[in-house]
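Written out below as structure tokens is the structure these notes cover.
The values are calculated or read from the model by the stated rules, or taken from the named source; none is laboratory data. Keep in mind that what you see is a predicted model, and the values were worked out from it rather than measured. Quick reminder, even Gly has a Cβ in these numbers, built from the backbone with ideal geometry, and neighbours come from all protein chains shown.
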DNA sequence: TCACTTGTCTATTGAACTAGACAACTTACC
DNA sequence: GGTAAGTTGTCTAGTTCAATAGACAAGTGA
């Protein structure tokens, strides 16, 4: 019988790390291989039983690892057929009409936005300037995690005028969409005025929220949405998992 | 009763990572704090019960984390008194007479050398040149992990003339010291001829063997030891945990 | 002596991992 | 169309490890 032998000569020893579960080690191993291109997009992974044999572990352990890869959005599993690498990115087109749920739905996926936190705070100079307020004026701050087919795509901070949209969090939690939330305030249409794009890497916190490893690339997107009459409505600062999204700007 | 609540509001949630044990997260957290200097050398850590309360975990879990920190050589625990940060480094003086066990013993610690692997191989051009052999000549290669008070200090590869020292591995395993191993060959004295020092970072393999995190600094030390009559005896390539050792060269 | 610290013990619960079996599905081949 | 081989999905069962809970021993220091 195979048992965990800390100093033995088992063939899975090379990835046994104290305090880290086996399935996590195997998942990280495969993530690494996929990210460096040892498996192409659409390529089939070895069968679960073969992976199990290769690492010298039980098939259930491999299944747990593959489930993790699925949660990270790296693979898609088809019963009877196999597990396939999925490294194609969601095309996120940035234009005047930029709506997360519409982009995801158009790509044939299921959109989801979850409010992770909110508060009323005084506007910084930067935020006040964007929204046409005075520094220190109350603004509503929303922290939203967006996912496509349960895979986290971005985490975004959204600021709105605190007087006009003081119920924003409560409404968003119910309708689960910025567009529908704004409809409650009688705003049926709005457009993107500008978008600033930068890049950085995940820290431990972002990595957890986006289900990424640390030090993975992140697109930092700041934007301002305005009404048809050019009144500022909301401004955001989002972090997109660059492994899962490509921003497209047409000009 | 406190249970692991994946989406609850427990105060330990901020460090719960799927597939990584709690004690490991806490140990990594403290390592980070110690390395960044939030605790000075010799400073006492909070009591186990206080740490447990702070993270919202059981004291046993904290004890497991502290045991890990001890294994990494970051702290020393004294019964009845407390756990103290230990970030002072072993002074490893490089001179003509450089012997690991003597250095460690002189510092009041217990030296240990463990042979992790060995083989007979053809000498590379570099190694042959150092030992005064022809490329392709047989050399004995030893992989040795050295520790001070059970804390790994270095991993070293040592090459010797394969003809003259063909029993080197067997003897080393018994006497557990290069110096005593050479005595079996009638070599009672030898001296360091040259030492080359470089630096790099731990990869996953080195990190495991040295009980370090990945991307910690490593001193790369190559050297040649010769007999009193300048005959090459052995050459080494060692990797020292820079968090635990400082090399001292006097001139 | 007393308060506080680490060390050790027992017991319990849930997660991780192993083992084996079989169902459900896909694909290729006859 | 049917079959067989190969794949993922699900179930039961058992062992080991992680974490909790509580109690008490043993040591430190004022």
ask   = Counting just the residues of region B:73-82 that are touching a strand residue (DSSP E or B) at 6+ places or on another chain (Cβ under 9 Å) and near DNA strand D (Cβ under 8 Å from one of its atoms), which one comes out nearest to the other protein chains (Cβ to nearest Cβ)?
value = B:78
ask   = over 18 Å from residue A:248 (Cα atoms) and in a strand (DSSP E or B) - does that describe any residue in region A:122-133?
value = yes
query = Which of the residues belonging to region B:193-223 are surrounded by fewer than 20 Cβ atoms within 10 Å (Cβ to Cβ) and in contact (Cβ under 8 Å) with a residue 40 or more places away in the chain?
reply = B:195, B:197, B:199, B:206, B:209, B:211, B:213
note = Within region B:31-49, of all residues that are surrounded by 16 or more Cβ atoms within 10 Å (Cβ to Cβ) and farther than 18 Å from residue B:81 by Cβ, the one nearest to the other protein chains (Cβ to nearest Cβ) is B:31
inquiry  = Test of understanding: among A:104, A:75, A:57, which residue is buried (at least 18 other Cβ atoms within 10 Å of the Cβ) and over 23 Å from residue A:45 (Cα atoms)?
reply    = A:104
key: Filter result (at pLDDT below 90 and in a helix (DSSP H, G or I)) within region B:1-31   = B:13, B:14, B:15
task = Could you look through region B:60-72, keep only residues that are surrounded by fewer than 17 Cβ atoms within 10 Å (Cβ to Cβ) and more than 8 Å from DNA strand D (Cβ to nearest atom), and pick out the one that is farthest from residue B:239 (Cα to Cα)?
result = B:63
note = Only one of B:187, B:233 is in contact (Cβ under 8 Å) with a residue 40 or more places away in the chain and in a strand (DSSP E or B), namely B:233
query = Which pairs have Cβ atoms under 8 Å, sit 6 or more apart or on different chains, and link a residue in region B:103-127 that is farther than 28 Å from residue B:148 by Cα to one that is assigned to a helix (DSSP H, G or I) and at pLDDT 85 or above?
reply = B:123/B:131
